[in-house]
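Have a look at the structure below before the remarks.
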Amino acid sequence: MITKEAPAAAPAPAPAAPAPPRPGKKRPAWDEVPRWQIYLPLGIYLVFTLIPFYWILLFAVRPAGSTSLVPWPMTTDHFEKVWTDRGFGTYFQNSVYVGLATLVMTTLVALAGGYALARFDFKIKRGFMLALLCSQFVPGALLLVPLFEIFAGLQMINSLGSVIIAETVFQLPLSIILISNFIKNVPYSLEEAAWVDGCGRFRAFRIVVLPLLRPGLIAVGSFAFVHSWNHFLFALMFLNNQHKQTIPVGLNSLMSADSVDLGALAAGGIVAAVPVVIVFAFIQKWLITGFSAGAVKG
Amino acid sequence: MHSSRDRGTARRRTSAAVALGAVLALTATACGDDGSGAGGDKGAEGSGKGKIVFWDNNGGIRTAVWKEIIADFEKANPDIDVEYVGIAATEYQSKVDTAIQGGGLPDVGGVTASMLAGFSAQGALEPLDDRLDKSALNGKLNKDMVESLKAAGGGDGTLYSVPTSANNGVLYYRTDLFEKAGLDEPTTWDKFYAAAEKLTDAGKNEFGYTIRGGSGSIAQAFDAMYGQSGITSFWDADKKKTTVNDPKNVAALEKYAALYKKVTPAADVNNDFAKMVAQWDTGTIGMVNHNLGSYQDHVKALGVDKFRGIPQPVGAGGKRVQVSNPVDGLGVFKSSKNKEAAWKFIEFATSKEQNSEFNESAGQVPSNTEAANDAWIQKAEPTKLAAQALNDGSTTIVQLPYYLPDWNTVSKSESEPAFQKVLLGDMSPKDFLDGLAKKLNEAQAEWSEQMG
């Protein structure tokens, strides 16, 4: 029988007494630390992180055959080559389509599943949660042939729908768990108040709970998008038509068995990376909020 | 203020919009196929018209030339449409293997010697001997390449793949650096070792050689071993025991592996061909062993004046011995519903003009003997020298056992990490070769038993 789960009402623990200051060394206040002690390690880390990106940029914009360590003179030849000759324009569109569709489907289903796990109590709830967690240990490659046969049976081989469904299915377990934790953090009494005011369950969820889930939705949605944007295996295996392939498959095809065009590969890498970087630049604030909020059980 | 009726209508609209969106998203993308054409499907001869699907086993860099060939084919055969699918070489085998199990095989596909045993063992390929006998191509294909593909097809001598081209090992060296150091061309192994040492100044980040320690390292190590030892067969006279751990080969590998870090960059232990070629093209390294396939990359990076690509060095007896490079070819998948059109495409692609165009672009040795005399070969020096070395009797080829179903597993996934241990000094060359020989002898015994 399905029952409503009462919100946990544990009393807040009394704040611990502040620890007495330790004798001897006094820890310097944050504003007393010399700036170089902060910026030097950060600078070293930044250089270490950015060198590979600089390398990609260098190869993408310098002419073929140049060994210059600065990106000058610049050329757009490699970008033109990958975008038009190598079909990255088409691959980009397909990747955007797969990424957005996976984002929407993952978010919608995760919301429904997460709400059920957060708000209802049912017999197999613990077992279901365990199954969701365990499904994370199964690599996609292991399920490739069964998935291929299922999609072949549905006449969906060579269709972007097969990739979208496979990506969504693999994203869902973690997304459901995350969303469920976010929903648990929203006090149940808010929903009850909305019911008292005449809302149904769905309307109360939409008006009261959903706006409070924004960090969680952004976290789940962005991860679904980025994962499907970068994922290679399903697109490689389920799509045969050149015009339906995605960016990771296109990138892979820039390396042949005996030869590699590094300029084109680097330009393709930038085309692949830019949308992900933009997505993260816009959502990082909510993403960090989302993860910290989801990490605390309500 | 909204009435409850308005709220109900809005709710229904929202639900309908979500449902409609989901349905549209799936229906818009679900214009796929059923993936028919698995390994067990016997296919059909077909009408010789209609659409065929062609999977290129080295897509990307060869896409442009294949599209030109396909356009010419469709012009010559207006009743046939060819759908081209370029697949990266590294992923081709796993994609075909998945399609053999689950369906969705193409009509025609690239099938190199190294893939033949696996595909033919799964019954996925159509025998092509009879078709070739009746074809205008008969007698016009390089006999050695045809024999090589027959031998690799699982051991029953059936032809499953029509050769398109052969690759060959090349020693690329920087003519400017050799000239500056007053060195002779590295035409012998002794000159090779002497040059590698003389061109190295690790303090200035200058090295004589770059060794392949990562993916694909074994074939290159075999080339160095057999090239120095002069042993000309991979098996002993009884064809039961491999010669890889012959004392002469062990000594050759000890000398070759000792080059690592002495005259090569330390990062070489992870070198696959891409890293190795990029390192050579952008740095100051004297020599690199690769094949004809990277010639155009070197030209783009260095121009034609700063390097040459010559056949492998000759050994002590003045004899050049090298291991076989996989011959590339085209096969018809048994599940094809239009084998006649598929065969027409293969005939067209391996005809003189098309085969010449394809190999000029790929920089490889044409399989069509008439194409092998074309003018472009005289201009592409490494290809010309490779073709000469293969045809003038100066080179003995050690045929690698591509017919063994376990060959790729033993020579790649199991041996490459062990070879890295050899380079790092964690395993002796003798132990490495003894272990490899044991696995190969077992695989050969198993294969012999299966073949009766």
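The values are calculated or read from the model by the stated rules, or taken from the named source; none is laboratory data. All figures in this text were calculated on a predicted structure; none of them were measured in a lab. Note that each Cβ is placed from the backbone with ideal geometry, even for glycine, and that neighbours are counted across all protein chains shown.
Pick out the one residue from A:49, A:102, A:84, A:107 that is among the polar types (S, T, N, Q), in contact with a Gly (Cβ under 6 Å, 6 or more places away or on another chain) and in a helix (DSSP H, G or I).
Of the residues listed, the single one that is among the polar types (S, T, N, Q), in contact with a Gly (Cβ under 6 Å, 6 or more places away or on another chain) and in a helix (DSSP H, G or I) is A:107.
Just the residues that are among the acidic types (Asp, Glu) and within 14 Å of chain A (Cβ to nearest Cβ), please, taken from region B:253-278.
If the condition is that a residue be among the acidic types (Asp, Glu) and within 14 Å of chain A (Cβ to nearest Cβ), then B:272 is the only one that fits.
Please list, ordered by first then second residue, the pairs with beta carbon atoms under 6 Å, 6 or more apart or interchain, first in region B:171-191 and assigned by TED's automatic domain parsing to the domain that holds residue B:249, second part of a helix (DSSP H, G or I).
B:181/B:198; B:183/B:195; B:184/B:191; B:186/B:192; B:186/B:195; B:189/B:228
Quick one: would you say residue A:189 is of a type in the set (S, T, N, Q), over 25 Å from the mean Cα position of the chain (by Cα) and either closer than 14 Å to residue A:216 by Cβ or part of a helix (DSSP H, G or I) (or both)? Quick ask: steps written out before the conclusion?
Details: of a type in the set (S, T, N, Q): yes; over 25 Å from the mean Cα position of the chain (by Cα): yes; either closer than 14 Å to residue A:216 by Cβ or part of a helix (DSSP H, G or I) (or both): yes.
Judged against the criteria, residue A:189 is a match.
Listed residues B:202, B:195, B:237; which is of a type in the set (A, V, I, L, M, F, W, C), closer than 17 Å to residue B:264 by Cα and without any contact (Cβ under 8 Å) to a residue 12 or more places away in the chain? Outline the logic, then answer.
Working: B:195 fails: without any contact (Cβ under 8 Å) to a residue 12 or more places away in the chain; B:237 fails: closer than 17 Å to residue B:264 by Cα.
Going through B:202, B:195, B:237 in turn, the sole match is B:202.
Identify the residue in region B:279-312 that is among the polar types (S, T, N, Q), within 21 Å of the chain's Cα centre (by Cα) and at the interface with chain A (Cβ under 7 Å from one of its Cβ atoms) and, among all such residues, is surrounded by the fewest Cβ atoms within 10 Å (Cβ to Cβ).
Here the answer is B:296.
Those residues that are in contact with a strand residue (DSSP E or B) (Cβ under 6 Å, 6 or more places away or on another chain) and part of a loop (DSSP other than H, G, I, E, B), I need them from region B:88-123; list them, please.
First, pick out the residues of region B:88-123 that are in contact with a strand residue (DSSP E or B) (Cβ under 6 Å, 6 or more places away or on another chain): B:104-113, B:119.
Across region B:88-123, the qualifying residues are B:104, B:105, B:106, B:107, B:111, B:112.
Based on this model, can you work out whether residue A:250 counts as part of a helix (DSSP H, G or I), touching a residue at least 24 places away in the same chain (Cβ under 8 Å) and more than 9 Å from every other protein chain (Cβ to nearest Cβ)?
On the way: part of a helix (DSSP H, G or I): yes; touching a residue at least 24 places away in the same chain (Cβ under 8 Å): yes; more than 9 Å from every other protein chain (Cβ to nearest Cβ): no.
Judged against the criteria, residue A:250 is not a match.
Taking only pairs six or more apart or across chains, which ones have beta-carbon atoms under 9 Å, a first residue in region B:74-88 that is within 14 Å of chain A (Cβ to nearest Cβ) and in contact (Cβ under 8 Å) with a residue 40 or more places away in the chain, and a second residue that is buried (at least 19 other Cβ atoms within 10 Å of the Cβ) and assigned to a strand (DSSP E or B)?
Correct list of pairs: B:82/B:52; B:82/B:53; B:82/B:54; B:82/B:108.
Checking the structure you have, find out if any residue of region B:306-316 is in a helix (DSSP H, G or I) and in contact (Cβ under 8 Å) with a residue 12 or more places away in the chain. Walk me through it before giving the result.
Taking region B:306-316 as the starting set, the residues that turn out to be in a helix (DSSP H, G or I) are none.
No, every residue in region B:306-316 fails to be in a helix (DSSP H, G or I) and in contact (Cβ under 8 Å) with a residue 12 or more places away in the chain.
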